[in-house]
Amino acid sequence: MAVMDLVRYNLVVRELYLEALSKLPWTDVVEQKGLSFDSARNVFLHLTLVEDRWINYTLRNRFPEWRDPDFEAFKDIDSLREYANLTRKSTERFLENLKPEDWNRKVTNPWADRPDTQITVETALTHMVMEDMIHYGELSAVLWQMDREAPYLSFWRYMFDSESPT
């Protein structure tokens, strides 16, 4: 299995969660719920910025330029959608331009205990998807607590459907 499949699956799953959040009143999306980043909005922003930070800054050796966005500046579902779409487009461009030799290219991991820790692009992308999956679980739990259906797309179904002739 290619890590690229996981990254593309992650993009589809993010859209499913955005759609689920868009069906809630905005007050529910921003309500403090005791999640890792307090509200559903903040968790969604965090998982989106994880991708943005890895794709546009860390993997491009631009991490010192990264600035966390002001979560409070996201005042409605459209602002979340705009950021998610910009991030998705950037990720798709990155994947389109990724060459086979790039997978083993080393990048500095700015979150490591040692500042000189190097990981491969493949490891970074895998980590990015795995971290997002943790936060999708949080969003599922908060949706269930509100008696809402959480989106679900199994990876095998995603792969099966994407391989089906159109």
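Computed from the coordinates by the stated procedures, all read-outs in this text should not be read as laboratory data. Note that the structure is predicted; figures quoted are calculated from it, not measured. Methodologically, a virtual Cβ is constructed for each residue, glycine included, from the backbone with ideal geometry; neighbour enumeration extends over all protein chains shown.
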Hey, can you tell me all the residues within the range 4-52 that are more than 27 Å from LEU95 (Cβ to Cβ) and of a type in the set (Phe, Trp, Tyr)? TRP26
Residues in the range 52-64 that are closer than 17 Å to ALA112 by Cα and either buried (at least 23 other Cβ atoms within 10 Å of the Cβ) or not charged (D, E, K, R) (or both): how many? 7
Could you count how many residues in the range 87-106 are under 19 Å from the mean Cα position of the chain (by Cα) and free of Cβ contacts under 8 Å to residues at least 24 places away in the same chain? 3
When the residues of the range 72-85 are filtered to those that are under 19 Å from the mean Cα position of the chain (by Cα) and outside any helix (DSSP H, G or I), which remaining residue is surrounded by the fewest Cβ atoms within 10 Å (Cβ to Cβ)? ASP76
Using the structure shown, decide if ARG88 is surrounded by 13 or more Cβ atoms within 10 Å (Cβ to Cβ) and either of a type in the set (Lys, Arg) or in contact with a Pro (Cβ under 6 Å, 6 or more places away or on another chain) (or both). yes
Can you pull out the residues in the range 31-66 that are under 22 Å from MET146 (Cα atoms), in contact (Cβ under 8 Å) with a residue 40 or more places away in the chain and assigned to a helix (DSSP H, G or I)? ALA40, VAL43, PHE44, HIS46, LEU47
Suppose the filter is in a helix (DSSP H, G or I) and surrounded by fewer than 19 Cβ atoms within 10 Å (Cβ to Cβ); does PRO69 pass it? no
Would you please list the contacts, defined by Cβ atoms under 6 Å and residues six or more apart or on different chains, that run from a residue in the range 107-120 that is in contact (Cβ under 8 Å) with a residue 24 or more places away in the chain to a residue that is aromatic (Phe, Trp, Tyr)? PRO110/PHE63
Taking the range 94-107 and keeping only residues that are touching a helix residue (DSSP H, G or I) at 6+ places or on another chain (Cβ under 9 Å) and assigned to a helix (DSSP H, G or I), one is left with PHE94, LEU95, ASP102, TRP103, ASN104
Among the residues of the range 108-130, is there at least one that is assigned to a helix (DSSP H, G or I) and surrounded by fewer than 13 Cβ atoms within 10 Å (Cβ to Cβ)? yes
Conditions (1) acidic (Asp, Glu); (2) part of a helix (DSSP H, G or I); (3) in contact (Cβ under 8 Å) with a residue 60 or more places away in the chain; number of the one not met by GLU149: (2)
Count - residues of the range 6-30 that are farther than 16 Å from HIS135 by Cβ and in contact with a helix residue (DSSP H, G or I) (Cβ under 8 Å, 6 or more places away or on another chain): 6
